[in-house]
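Structure first, then comments.
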Amino acid sequence: KIFIPVANEKSSVLSGLAYTIEFSAREIMYTATTYNLRLDLRTAACVSTTEKVFNVYSEAGLTFK
């Protein structure tokens, strides 16, 4: 008989988590490069998060221009 692995809930969650972590890490590295922060990843993460919050507020019309 041929065994065909079936994706269970745990593997689905772990796969989604791995994708999310990888995407976030790439975004933080992009921010660090954009603002020339070198390896200051904590600051890059804070800047990235602040930009996301600002964009949400801006799109909702809650910022002044």
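Report, by residue number, each residue of segment 11-30 that is of a type outside the set (A, V, I, L, M) and surrounded by 12 or more Cβ atoms within 10 Å (Cβ to Cβ). Residues satisfying the conditions are Ser24, Glu27, Tyr30.
Looking at Val13, Val53, Val47, which is the one that is on the phi < 0 side of the Ramachandran plot, in contact with a Phe, Trp or Tyr (Cβ under 9 Å, 6 or more places away or on another chain) and hydrophobic (A, V, I, L, M, F, W, C)? Working first, answer last.
Numbers: Val13 fails: in contact with a Phe, Trp or Tyr (Cβ under 9 Å, 6 or more places away or on another chain); Val53 fails: in contact with a Phe, Trp or Tyr (Cβ under 9 Å, 6 or more places away or on another chain).
Only one candidate qualifies: Val47.
Of the residues Arg38, Arg42, the single one that is modelled with pLDDT of 90 or more and in a helix (DSSP H, G or I) is Arg42. Checking the structure you have, find out if any residue of segment 6-22 is of a type in the set (A, V, I, L, M) and in contact with a helix residue (DSSP H, G or I) (Cβ under 7 Å, 6 or more places away or on another chain). There is no residue in segment 6-22 that is of a type in the set (A, V, I, L, M) and in contact with a helix residue (DSSP H, G or I) (Cβ under 7 Å, 6 or more places away or on another chain).
Please tell me if Thr63 is touching a helix residue (DSSP H, G or I) at 6+ places or on another chain (Cβ under 8 Å), surrounded by 11 or more Cβ atoms within 10 Å (Cβ to Cβ) and assigned to a loop (DSSP other than H, G, I, E, B). Taking the combined requirement at face value, the residue satisfies it. Residue under question is Val53, and the condition is that it be surrounded by 11 or more Cβ atoms within 10 Å (Cβ to Cβ) and either touching a Gly at 6+ places or on another chain (Cβ under 8 Å) or assigned to a helix (DSSP H, G or I) (or both); does it hold? The answer is no for Val53. Selection within segment 31-43: residues that are touching a residue at least 12 places away in the same chain (Cβ under 8 Å) and of a type outside the set (Val, Ile, Thr). The member of this set that is surrounded by the fewest Cβ atoms within 10 Å (Cβ to Cβ) is Tyr35.
The values are calculated or read from the model by the stated rules, or taken from the named source; none is laboratory data. What you are looking at is a predicted structure, and each value in this text was computed from that prediction instead of being measured. Heads up, the Cβs are rebuilt from the backbone with ideal geometry, glycines too, and the neighbour counts pull from every protein chain shown.
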